[in-house]
1. Go through the residues of region 108-116 one by one and say whether even a single one is touching a Phe, Trp or Tyr at 6+ places or on another chain (Cβ under 8 Å), over 30 Å from Pro136 (Cβ atoms), crowded, with 20+ Cβ neighbours inside 10 Å and free of Cβ contacts under 8 Å to residues at least 12 places away in the same chain.
2. So Pro92 clears everything in (1) out of contact with any strand residue (DSSP E or B) (no Cβ under 7 Å at 6 or more places or on another chain); (2) farther than 30 Å from Pro136 by Cβ; (3) buried (at least 17 other Cβ atoms within 10 Å of the Cβ) except one condition, right? Which one?
3. Quick one: would you say Val95 is among the β-branched types (Val, Ile, Thr), assigned to a helix (DSSP H, G or I) and free of Cβ contacts under 8 Å to residues at least 40 places away in the same chain?
4. Quick test of your reading of the structure: Glu101 fulfils all but one of (1) of a type outside the set (Ser, Thr, Tyr); (2) at pLDDT below 90; (3) under 17 Å from Ser27 (Cα atoms); (4) loosely packed, with under 14 Cβ neighbours inside 10 Å. Name the failing condition by number.
Amino acid sequence: MQAPVADGAAEPEPIEHWLAVRRLESSLQRLGMARNRHRDLVIQNCMARALGRWRQQPRADLSALALEEVDDALGRWFSFVLGEESLGEQSPILVGQAALEACQAARHWPHVLLTYDQVPSAFIEAMRTAQLTPTPPELPGSMLEQDLEFWSLRDLPTRFLGRWTRGLSRPAAPAA
């Protein structure tokens, strides 16, 4: 639902806006971003971009748009910290989140996430060291030919019971 505004533009329902903000906060908290003024600014910026997109597509889910915006910001930031050349074709989000967890960035550097100025060199070194080596992309292959065994639902009871009763008619194995 949407609420009309005096100038004709649409605005989301207050509960929808509140829910989108809470989801952003939760997403950033899971990454270990400290509660501070910087986090509030990141959320405001992501919400402003999400609202701009929502106004173009008022039927879209505002929370999903906001999470896409924070993912975009995180992807750019992880590319900055880890170096685009070392990421290759890998997802910056996945590699970056794994590196954050591996070097325990939330514990050691809680105020660094999504900052571009004054990023400690120790943090960048820890992130690049913790970065997992990307796996090579999958290559297309062909499946080996296998024999196809035809059966129908009428055969199911006989097949099942035959296999099940086979074990009943055999003598028990001697105990060792």
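The values are calculated or read from the model by the stated rules, or taken from the named source; none is laboratory data. Please read these numbers as outputs of a predicted model, since none were measured by experiment. Cβ atoms come from the backbone with ideal geometry, glycine included; neighbour counts cover every protein chain shown.
1. Yes, the conditions are met somewhere in region 108-116.
2. Failing condition for Pro92: (2).
3. Yes, satisfied.
4. If we test Glu101 against (1) of a type outside the set (Ser, Thr, Tyr); (2) at pLDDT below 90; (3) under 17 Å from Ser27 (Cα atoms); (4) loosely packed, with under 14 Cβ neighbours inside 10 Å, just (2) comes out false.
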